[in-house]
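The values are calculated or read from the model by the stated rules, or taken from the named source; none is laboratory data. As the structure is a prediction and not an experimental result, all values here were calculated from the model. Please note: Cβ atoms are built from the backbone with ideal geometry, for glycine as well, and neighbour counts cover all protein chains shown.
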Amino acid sequence: MFIELHIDEPACRRAGPCRLCHEVCPVDIFALKGDKMIVLEEAQDECTLCDLCLQRCPTRAITLVKLYEGETVK
């Protein structure tokens, strides 16, 4: 894997979850499991680094770690 996506569950729950990350992701990395959003680990390598999920998250609950650069984007 070259990236890791993380969802801060308490921050995500403050929005409902709103599902915006799932709606904007062009490669379906996010899914609703029960009452919480999750990252589908097997799909993380499909990430195009478009940052749409980061831009749309109203609570800034998503963190993207670029493993190849050691950079964290939130």
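Taken over region 1-43, residues that are of a type in the set (Phe, Trp, Tyr) and touching a strand residue (DSSP E or B) at 6+ places or on another chain (Cβ under 6 Å) amount to 1. Scanning region 31-66 for residues that are modelled with pLDDT of 90 or more and β-branched (Val, Ile, Thr), we see that the one that is surrounded by the most Cβ atoms within 10 Å (Cβ to Cβ) is 62. Of the residues making up region 10-30, those that are touching a helix residue (DSSP H, G or I) at 6+ places or on another chain (Cβ under 9 Å) and loosely packed, with under 15 Cβ neighbours inside 10 Å are 23, 26, 27, 28.
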